Each structure stands twice: as C-alpha cells, then as structure tokens.
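So the structure is just underneath, and the comments pick up after that.
FYI, it's all coordinate maths here, none of it is from the lab. The shown structure was predicted, so the numbers you read here are calculated from the model rather than taken from an experiment. Note: ideal-geometry Cβ built from the backbone for every residue, glycine included; neighbour counts use all protein chains shown.
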Amino acid sequence: MPRKIVLIGPMGAGKTSLGKRLASKLRWAFADTDHMIVARTGADISLIFEREGEMGFRCREHEVLRDVLAEPRDMVVSCGGGIVLLAQNRQLLMAQALVIFLDISVERQLQRVKNDRNRPLLKYADRRQKLQQLREERWGLYEGIADIYLSTDENHFTTSFQRLIVSI
Ligand code: S3P
C-alpha cells in the first residue's frame, strides 16, 4: 500500500516548504493541492474564486485530493488551508494518510502572508480579523484529524522538524 504524508494547517504555516523538504529527505514524490489545481485549470486561484466562487474551488480541491491520494506511489502532499472544510476530505485524510497539522499564530501569519494571488480570502478582508476568524472556525477541524502537531512559532520549527525526521 503506497504511503501518504499530508500537511494541513493555516495559510503561511510553511506546509509547502516543509512538505518539499520532507519529500526530498524521504525520497518520496511531492505534490501541493493548490499547484495541482492551477496546473489542471490553467487559472490561478483568485480567478477560480472569482469565476466559480469558493464552492467551485472546494470541488476542484476535493477532486485533486482524491486523485493524489489514489496515486500508486509514496508521496508527501501539502494542502490548501481550507482542505478540512469538507467532511469527505477529512474522511479521506483520516483513512488514507499520516496527517501533520502545521500550526502558526495569527501574528506570525500576518508577517508571512503578504499580497498573494493564491489567497483570495484575504483580498477584501481586514487580514488580522479574517485570519483570526479562520483560526477559530478551523482549528478544531485540523486538530480532529491530525496524527502529529507541529508549531512553527518561536523557532521550535527546526527542532520539531528534526525530531520528526528522526522518528520516521
Ligand atoms: C485557502 C488557502 C490557500 C488556498 C486558497 C484557500 C484557505 O492555500 O488554497 O487561497 O481557505 O485557507 P494555503 O494554505 O497554501 O495558503
């Protein structure tokens, strides 16, 4: 049975960079659900949100998650921050992957998440308020399906990452 390690958590937590490092250490393939959506549609995420609404984006996100989990090879997969919103995605992840919740505080997020076409949810909103609201809505969903919790705050990141690598 091919193995999957999946990174979930808020925007700006470092899922993509950690995912790439983890995949290269393990010599496994790497995928990122946002990148897969952009590659499949030829449109960036903001455009998909504009044309199809958030629900259209969530449907596409579900399709890429289902497909990537079905790939017959060991993979590390980084997911968009909203992957946990659909119950079907949470079920797939719990059943088929080792799930790492990569957490970050709103303060650190504000420093890391600058203007970005891949984050339309922050486009019109007060960024602090929106990030806080998303944290409140989603934290329990991340925690509910995670096998491993890692915080990227206060420079614990490197230590936690090394511990994780050693334990695999
Ligand atoms: C989203 C996070 C983004 C991207 C989209 C929606 C979210 O991915 O999927 O803008 O709902 O939190 P990152 O978590 O990689 O920024």
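Key figures for this structure:
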| item | result |
| --- | --- |
| Pairwise centroid distance, computed over Cα atoms, of the stretch 59-90 with the stretch 16-48, Å | 11 Å |
| Among the listed pairs Lys4/Lys123; Lys25/Lys130; Lys15/Lys130, those beyond 30 Å (Cα-Cα) | Lys4/Lys123; Lys25/Lys130 |
| Leading residue at positive end of dipole, the stretch 1-111 (Cβ point charges), from Met36, Ala95, Ile83 | Ala95 |
| Alpha-carbon spread of the chain, three principal axes, descending order, Å | 42, 36, 25 |
